[in-house]
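Notes for the one structure printed next.
The values are calculated or read from the model by the stated rules, or taken from the named source; none is laboratory data. Small disclaimer: the values here were computed from a predicted structure and weren't measured. Cβ sites come from the backbone with ideal geometry, for glycine too, and all protein chains shown count toward neighbours. Keep in mind that these areas ignore ligands, DNA and RNA; they rest on the heavy atoms of the full protein, side chains included. Shrake-Rupley method; radii C 1.70, N 1.55, O 1.52, S 1.80 Å.
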Amino acid sequence: MSGLSIRSAGDSHRGSVREHNEDALIVDPRWGLYAVLDGMGGAASGDVAANKARDVIHEYVRARRSAMQPRPLLEAAINAASAAVHGEAQRKKDRRGMGTTVVAVLVDGRRATVAHVGDSRAYLLRDGHLHRLTSDHTIVAELVARGALAPDEADRHAYKNVLSRNLGAKPTAAVDVSEVELQPGDRLLLCSDGLYGYAPTDAVHHLVASTDPPDEVVRDLIEAALRGGGGDNVTAIVVEAGAAVMPRATMVLRTTGAGAWWARRERLLAAARAAGLHRSPLCALLAPDEAIALVAGNFADAVYHDLEKVTGVNVWTFAENLARGWLGQGGAWPPLRELLDGLGRATDHVVAEVRREDGGLAELIEVAVARAMVTAETAVGGVLAERLREVEGELVKAQAERNARARVETGRFVEQPTLPYLRAPAPVDVPAPDVAAVLEAARRLAHAQPAAGPGAGDRALYARAVDHVHTVASAAGANDAALAARELWDVRVLDEAGVSPLFEALDHARDAHLEGVRRAPAPPAVRAAALRRVAGAYQQLSASVATLVVESAAPAAAQLREVVRETARLRAEVSKNEARIGELERQLATAVDPAAPPGMEHPR
Ligand code: CA
C-alpha cells in the first residue's frame, strides 16, 4: 500500500534550427501522468498532431484515472488520441499524413506503467545505471530486431528516423506497454529524439544520475542537446521516486478504492436486482431495468464520486433527491427505508468481492460505504425534518389565523355587551392561563358585589349561581351547564314563587359577573375572551334552567289535562242526574194533583 514521494519536472525547447516546436509534453503529478509527444507532418501540422494527442490523452486519463487500471487506461488513452489525430488528418487536406509519437508513464503508487508509439524514449536510472525501457518504432530498428541489419549500420542508415508506427497514421495504434516497480532513488527520463539524437549518451547519463533536483536536470539536458547542435525540437521529463511514504487511508480510497468500486458497478446493479430493488414502491412507474439503472446506478455513481473526492456530497444529493421525490408525492417512510436497506445489502456483495482480492482495501471500502449509508440516512432525515417543520409551520399559521378571527369576534362582542345572549359560543377548550386569571378575579368581584336591585332577594342562590357560572366558564366541556342547572334547581315548586327567584338570581349574577370581568386588570383581548366565556356560561346555564322548567311543567300539564277531562265527565254526570231528578219530581207532582198541568209549581 505504500507509494513513493514523487518529484518531477519537464521542459521543451524549439532547438537551434527548427522554426516551430512540434514537441508537446504532459507533466501532471496529481494524476501521475507524464508524456512526451513528437509531432510530424508538413505545414506545421506536426504541432497540431502533438497538441491534439496530448490533450486527448490528458483528458482521457483524468476522466478515468480512478476507474481503470493503468495499463488498459494508457492503451485506451493513446488509441483515443490516435483516432482523434487520424480523424483530423482525414478531414483536412493540408493535415493529411500528420502524426505524432508518444511516450507516456502513469505512476500509481510504486508501479510505473510505460507506453509508447514511435521513437520517443523512456529510460530508467537505477543504482547509477541508465536502462532504456522502450524500443524505437522505426523501420531501421525493426530491421535490426529481425537481424536484417547490424546495430552499427543502423546509426548510419538513411531511413534511421523513419517511423514504422505513429499515432494518427491509422485510427488505432499498436501500443507497447511495460511496467516497472519503482524503488526509492529511481529516476525516469522521458524524451524526444531531439535529446538523444544531439546530446551525447554519456552526458545524458551523467546528468540524470546527478543529485541535482529534476528541474535542474531537465534544464541541463536541454542545454546539452543544444550544445550538441540542437537540430531538432528537444523535450525532456525527469520523474524521481523519493523515499517511501505511507499513504493515508483517504488517499488509498481516492485512487484504488474508487477504482475498485467503479470496476464493480455492474456487480452492485446485479445484486440490487437480485434483491428485488426494482419492486420497491418508489420504482412503481419504472421498468425493472430503468429502475435498477436509475436508483442503484445513480447510487453507485454517487458513492464512486464521493470516494474519488473524499466527500459525502454526492450520496447526500442522491438520497435527498430520492426522499424529496418520494415523500413529496405523499410516499410513506417505510418503503424509502427499505430501499436504502436494499442498497446497503447490495453493497455487501461488492465489498465481499473486493475482500477476495484485497482484504485491507475491502475494509476501507466497507467503512466508506457504511459512511455513505449514514450520509444517505442523514440526508433523508433532513428531508423528513424539513417536512415536519413545514407541517408545524402550517399549524402555527392556522392557529394564528384562528386566534386573529377570535380576536375580531370578541372585539365586536366587547362593544355589544348584550350580544352574548343572542349567541351560543360554548367553550370548547380550557381557558389560557391569563384568561383563567381574569375569570377568577371576576368571580371574586362578583361575590364581593353588594346585593342590590329588585331581583337581589335570594343572596345564597346568587352566590351559588356565580360559582356555577365560574365552573362552566372555566371548563372545557358544555355538559357542566346542565349539571349546574340541576343543582341550582334543586327541589323547587313549579310556580311563580318557586321559579322566579332562580331567574332573578341568575340575572343579577350575570350582570355582576360580567361587570367583574370588565373591571379585572388585564389586556382588552384577554378580558374579551373572559367576557365571552362568562356570557356563554350564563347563556348555557339559563338555557338549562329553562329546560328544567319545561321538564317540570310537563307532568303537571298532563295532570291538568286529566283533571279537565274528569271535570267534563263529572259535569256531564251531574247534568244527567239533574235531568233525572227533574223527571222524578214531575211524576211525583202528577201523582199528588192529577188535575194540575205537568211542570206546574206547587207551593210547599
Ligand atoms: Ca523530433
Test Ala481 against the stated conditions and say whether it is over 19 Å from Gln540 (Cβ atoms) and at pLDDT 75 or above.
no
Can you list residue pairs whose Cβ atoms sit under 6 Å apart, with the first residue in segment 183-196 being in the same structural domain as Ala225 (by TED's automatic domain parsing) and open to solvent by 20 Å² or more (accessible area, probe 1.4 Å) and the second being among the β-branched types (Val, Ile, Thr) and within 16 Å of the ligand (Cβ to nearest atom)? Count only pairs 6 or more apart in sequence or on different chains.
none
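Matching residues to (1) open to solvent by 30 Å² or more (accessible area, probe 1.4 Å); (2) hydrophobic (A, V, I, L, M, F, W, C):
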residue: Leu106; (1), (2): no, yes
residue: Gly109; (1), (2): yes, no
residue: Ala112; (1), (2): no, yes
residue: Thr138; (1), (2): no, no
Would you please list the contacts, defined by Cβ atoms under 6 Å and residues six or more apart or on different chains, that run from a residue in segment 7-28 that is part of a loop (DSSP other than H, G, I, E, B) to a residue that is open to solvent by 70 Å² or more (accessible area, probe 1.4 Å)?
Asn21/Arg14
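Evaluate the following for Leu125: is it assigned to a strand (DSSP E or B), assigned by TED's automatic domain parsing to the domain that holds Val177 and open to solvent by 30 Å² or more (accessible area, probe 1.4 Å)?
Details: assigned to a strand (DSSP E or B): yes; assigned by TED's automatic domain parsing to the domain that holds Val177: yes; open to solvent by 30 Å² or more (accessible area, probe 1.4 Å): no.
Considered against the rule, which asks whether it is assigned to a strand (DSSP E or B), assigned by TED's automatic domain parsing to the domain that holds Val177 and open to solvent by 30 Å² or more (accessible area, probe 1.4 Å), Leu125 comes out as no.
Which one is nearest to the ligand (Cβ to nearest atom) among residues in segment 78-118 that are more than 23 Å from Ala9 (Cα to Cα) and among the polar types (S, T, N, Q)? Please lay out each step first, then the result.
Initial filter on segment 78-118 (more than 23 Å from Ala9 (Cα to Cα)): 79-99.
Of the ones still in play, those that are also among the polar types (S, T, N, Q) are 79, 82, 90.
Values: Asn79: 22, Ser82: 18, Gln90: 23 Å.
Checked segment 78-118; the qualifying residue nearest to the ligand (Cβ to nearest atom) is Ser82.
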How many residues does segment 21-39 hold that are surrounded by fewer than 21 Cβ atoms within 10 Å (Cβ to Cβ) and either within 12 Å of the ligand (Cβ to nearest atom) or acidic (Asp, Glu) (or both)?
2
If Gly382 passes every condition in (1) modelled with pLDDT under 85; (2) open to solvent by 50 Å² or more (accessible area, probe 1.4 Å) but one, which one does it miss?
(2)
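Just give me the residues in segment 306-328 being of a type outside the set (D, E, K, R) and more than 24 Å from Arg30 (Cα to Cα), in sequence order. Spell out the reasoning first.
Restricting attention to segment 306-328, the residues satisfying the condition of being of a type outside the set (D, E, K, R) are 307, 310-319, 321-323, 325-328.
Val315, Trp316, Thr317, Phe318, Ala319, Asn321, Leu322, Ala323, Gly325, Trp326, Leu327, Gly328, listed by residue number.
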Scan segment 119-132 residue by residue and report those that are at pLDDT 95 or above and within 16 Å of the ligand (Cβ to nearest atom).
Ser120, Arg121, Ala122
Segment 190-232 - residue that is outside any helix (DSSP H, G or I) and at pLDDT 95 or above and, of those, farthest from the ligand (Cβ to nearest atom):
Leu190
Could you check, for segment 294-313, whether at least one of its residues is at pLDDT 85 or above, open to solvent by 10 Å² or more (accessible area, probe 1.4 Å) and among the basic types (Lys, Arg)?
no
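Condition check ((1) surrounded by fewer than 19 Cβ atoms within 10 Å (Cβ to Cβ); (2) at pLDDT below 80) across all residues:
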{"position": "Asp467", "(1), (2)": "yes, no"}
{"position": "Val472", "(1), (2)": "no, no"}
{"position": "Ala476", "(1), (2)": "yes, yes"}
{"position": "Arg486", "(1), (2)": "yes, no"}
{"position": "Asp495", "(1), (2)": "yes, yes"}
{"position": "Val517", "(1), (2)": "no, no"}
{"position": "Leu541", "(1), (2)": "no, no"}
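Residue under question is Asp55, and the condition is that it be among the charged types (D, E, K, R), within 18 Å of Ala24 (Cβ to Cβ) and within 16 Å of the ligand (Cβ to nearest atom); does it hold? Lay out the reasoning, then the answer.
On the way: among the charged types (D, E, K, R): yes; within 18 Å of Ala24 (Cβ to Cβ): yes; within 16 Å of the ligand (Cβ to nearest atom): no.
So Asp55 fails the test.
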Please identify the pairs in which a residue from segment 311-323 that is closer than 17 Å to Pro335 by Cβ has its Cβ atom under 8 Å from the Cβ atom of a residue that is of a type in the set (A, V, I, L, M, F, W, C) and open to solvent by 50 Å² or more (accessible area, probe 1.4 Å), counting only partners at least 6 apart or on another chain.
Ala323/Leu384
